[in-house]
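Novice: Structure in structure tokens, see below.
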Amino acid sequence: MALSNAERQKRHRERQKQKLAEVAPSVAIQYENVGADLREKLYSLVNTENTRREKISRSTELPLEQTDFSRVILDIALNEDHSGLADRARMILLGALCMGESSEKEISEARRQKEAALAEDAPDNQQDVEPHGRISPLEHYIRVPNFG
């Protein structure tokens, strides 16, 4: 009986999990804990912002749109900030990626220096041209390999 592609992928993932568990059982647990911690921090960020918007909406009687988790993730991926939370969410992710090697102050300073360098390199009369060395998100997401 031939297996469907989804079934083969599922079995392959299970074998990979078993191999990982045999080699380093604590590593798999650590990855799960880090992922859960990141999700928790990002959901907390979104919930706090939605609570703040709700309070403002009540006091001003202006309807403010609620932010959802997927919008924040999309903002991060596309280097946008429609949600108003992308910069804070990026700092949470960068902090997790640095694993304590760099402080939030160091990350903010590095980003400020990069933006200043890009502003110096940008031509004065062509503000809509992308800075040299920046890769458009679209090019990166055109071909996403399937590792499943």
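Novice: What is the calculated FRET efficiency for ASP87 to GLU61, with r their C-beta to C-beta distance and R₀ = 30 Å, to the nearest 0.05?
Specialist: With a Förster radius of 30 Å, E is 0.60.
Novice: Could you give each residue of region 56-67 its phi-based ³J(HN,Hα) in whole Hz, using Karplus coefficients 6.51, -1.76, 1.60 with θ = phi - 60°, and x for Gly or Pro?
Specialist: My calculation for region 56-67 gives 5, 4, 5, 6, 9, 6, 9, x, 9, 6, 6, 9 Hz in order.
Novice: Could you check the simple spin-label distance between LEU94 and ILE73, using points 7 Å along Cα→Cβ, in nm with one decimal?
Specialist: Simple spin-label model gives 2.2 nm for this pair.
Novice: Mind jotting down a quarter of the surface of the convex hull over the alpha carbons of region 29-103, in square nanometres, one decimal?
Specialist: Dividing the Cα hull surface by four gives the mean projection, 5.7 nm².
Novice: Which of the lysines could a cross-linker bridge to LYS19, judged by Cα under 29 Å and excluding same-chain residues fewer than eight apart?
Specialist: Result set, ordered by chain and number: LYS10.
Novice: Take the alpha carbon gyration tensor of region 36-76, find the square roots of its eigenvalues, order them as a ≥ b ≥ c, and report rounded if a/c is under 1.5; if not, report prolate when a/b exceeds b/c, else oblate.
Specialist: Taking the square roots of the gyration eigenvalues as a ≥ b ≥ c, region 36-76 is oblate.
Novice: Can you put ASP75, ASP81, ASP121 in order of accessible area, largest first, using a 1.4 Å probe?
Specialist: I get ASP121, ASP81, ASP75, largest accessible area first.
Novice: Rounded to the nearest 0.05, what FRET efficiency do LYS114 and ASP37 give with R0 = 22 Å and r taken as the Cβ-Cβ distance? Could you check?
Specialist: With R0 = 22 Å, the Cβ-Cβ based efficiency is 0.20.
Novice: Testing the spin-label approximation: label points 7 Å from Cα along Cα→Cβ at ILE107 and GLU14. State their distance in nm.
Specialist: 3.8 nm
Novice: With a 1.4 Å probe and every protein chain left in place, tell me how much accessible area ILE29 has, in Å² to the nearest 10.
Specialist: 100 Å²
Novice: Sticking with this structure for a sec: If you roll a 1.4 Å probe over the heavy atoms of the protein chains, what accessible area per residue do you get for region 29-103, in Å²?
Specialist: Accessible area per residue: 70 Å².
Novice: Once neighbouring chains are kept in place and the probe is 1.4 Å, which whole percent of the accessible area of region 29-103 is contributed by carbon and sulfur?
Specialist: So the carbon and sulfur contribution to the accessible surface is 56 percent.
Novice: Count neighbours as other Cβ atoms within 10 Å of each site's Cβ, and list the GluC sites (Glu not before Pro) in region 1-66 that are DSSP loop with at most 12 such neighbours.
Specialist: GLU61, GLU65
The values are calculated or read from the model by the stated rules, or taken from the named source; none is laboratory data. Everything quoted here is computed from the prediction, not taken from an experiment. Cβ atoms come from the backbone with ideal geometry, glycine included; neighbour counts cover every protein chain shown. All accessible areas refer to the heavy atoms of the entire protein, side chains included, with ligands and DNA or RNA removed. Shrake-Rupley method; radii C 1.70, N 1.55, O 1.52, S 1.80 Å.
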